[in-house]
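Values quoted throughout were computed directly from the atomic coordinates according to the rules given, and no laboratory measurement underlies them. All values derive from a computational prediction rather than experimental measurement. Cβ sites come from the backbone with ideal geometry, for glycine too, and all protein chains shown count toward neighbours.
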Amino acid sequence: MTTDYFSLSEEERENAINYLIDTIPDKEWSEVLAVMQREGESWTALAHFCFGMRVRNLLYIGPVTLQTADLDYEWAALVEEVIKRKFDYGFGREKGSFRKFSKPRLK
């Protein structure tokens with residue numbers, strides 16, 4: 001899986017991914033995996049304001065230097081990369097296919 005990181009350099013992306021892996025407990029990553037498996041690609045709509053906000057805040061206040069002030073488009077791709085590395089799970093997105101805006105699933 002290759003995803004777009006809309007404004008992060010490769011170095012920033014790697015640093016952010018490693019920081020998230022080291023900072024967020026495995027139990028929490030397992031919960032995120034369960035949401036991804038249950039909701040599919042629309043998982044980001046459910047996680048944007050809870051887990052997504054946690055990820056963005058960690059990156060804003062952490063030791064990782066980022067050249068962007070807007071992580072709204074990067075956080076989900078970073079999380080998917082962490083999940084791929086930790087659990088070998090992903091959606092098989094091709095480069096350029098990561099949607100900037102997730103559509104919520106109507107029930």
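Other residues with beta-carbon under 13 Å from the beta-carbon of THR65 carry, at +1 per Lys or Arg and -1 per Asp or Glu, a net charge of -2. Using θ = phi - 60° in the Karplus curve 6.51 cos²θ - 1.76 cosθ + 1.60, the 3J(HN,Hα) couplings for the stretch 65-79 round to 8, 10, 8, 10, 9, 10, 9, 4, 9, 9, 4, 5, 5, 5, 4 Hz; x is entered for Gly and Pro.
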